[in-house]
1. What is the percent carbon and sulfur in the accessible area of the chain, measuring with a 1.4 Å probe over the protein chains and ignoring ligands?
2. Dipole magnitude of the chain about its Cα centre, charges +1 at Lys/Arg Cβ and -1 at Asp/Glu Cβ only, in debye to the nearest 20?
3. For each cysteine in the chain, check whether another cysteine's C-beta sits under 4.7 Å from its C-beta; list those where none does.
4. I'd like the antiparallel share, as a percent to the nearest 5, of DSSP beta bridges with both residues in the chain.
5. For a test of the definition: using alpha carbon positions, the gyration tensor, and the 1.5 limit on a/c, classify the chain as rounded, prolate or oblate.
6. Please arrange 153, 88 by accessible surface area, largest first, computed with a 1.4 Å probe and ligands excluded.
7. Quote the charge dipole size of the stretch 81-164 about the Cα centre in Debye, to the nearest 20; the model charges only the Cβ of Lys and Arg (+1) and of Asp and Glu (-1).
8. When the chain is treated as a GNM, springs tying every alpha-carbon pair under 10 Å, which of 102, 140, 38 comes out with the largest mean-square fluctuation?
Amino acid sequence: MPPLTPDALWDQLQEPGDTLYVVLIRHALAPGTGDPTNFQLTDCTTQRNLSAAGRSQAQQIGQAFRDRHVVVQQVLSSQWCRCLETAELMDVGTVEPYPPLNSFFRDRSTAEAQITAVKQYLLSQADHPGVTIMVTHQVNITGLTDIVPQSGEAVVLQVEASELTQMGQLRPELSSR
């Protein structure tokens, strides 16, 4: 099935019916690559964080969901500060940290286990229709979908009992009408 256009994706998210859709969003703009060598999960000052443009981008992404009246059932986020801040600034629901969405950019040894955990979680939720947002990192989205998203870009998946189907992508510049 060819990817849906952004307008068709928004239509699906607005009226999910009996289907679960997952919107995998790469955190908003955070200049640089990876994290500093002194990175600590519990200390945002040791991490690569959102820029002013990234904070604005996160707010615009959330506004796109609100403008289209997309009801979000759940918002899960990596524990990295740039992901949590993106999810919070989107302001589309209560944000829950979800460790399997944490970056494995530095330590690829956890990649397979994290990808498997996310897939298993999503498949276990197939009978809970609606829209779930997961804010995470490029490596995680690429590991799940083979797509390399830019900052703020989303990949939309349809969840069925036994499979995840890629429906298409929403780019930040296409998020606002």
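1. 49
2. 480
3. By the Cβ distance rule, which asks for a partner under 4.7 Å, the isolated cysteines are 83.
4. The antiparallel fraction comes to roughly 50 percent.
5. Taking the square roots of the gyration eigenvalues as a ≥ b ≥ c, the chain is oblate.
6. 88, 153
7. The dipole magnitude comes to about 260 debye.
8. Result for the chain, Cα springs under 10 Å: 38 fluctuates most.
The values are calculated or read from the model by the stated rules, or taken from the named source; none is laboratory data. As the structure is a prediction and not an experimental result, all values here were calculated from the model. Every residue, glycine among them, receives a Cβ derived from its backbone with ideal geometry; neighbour counts consider all protein chains shown. Side chains included, ligands, DNA and RNA excluded: accessible areas come from the protein's heavy atoms. Shrake-Rupley method; radii C 1.70, N 1.55, O 1.52, S 1.80 Å.
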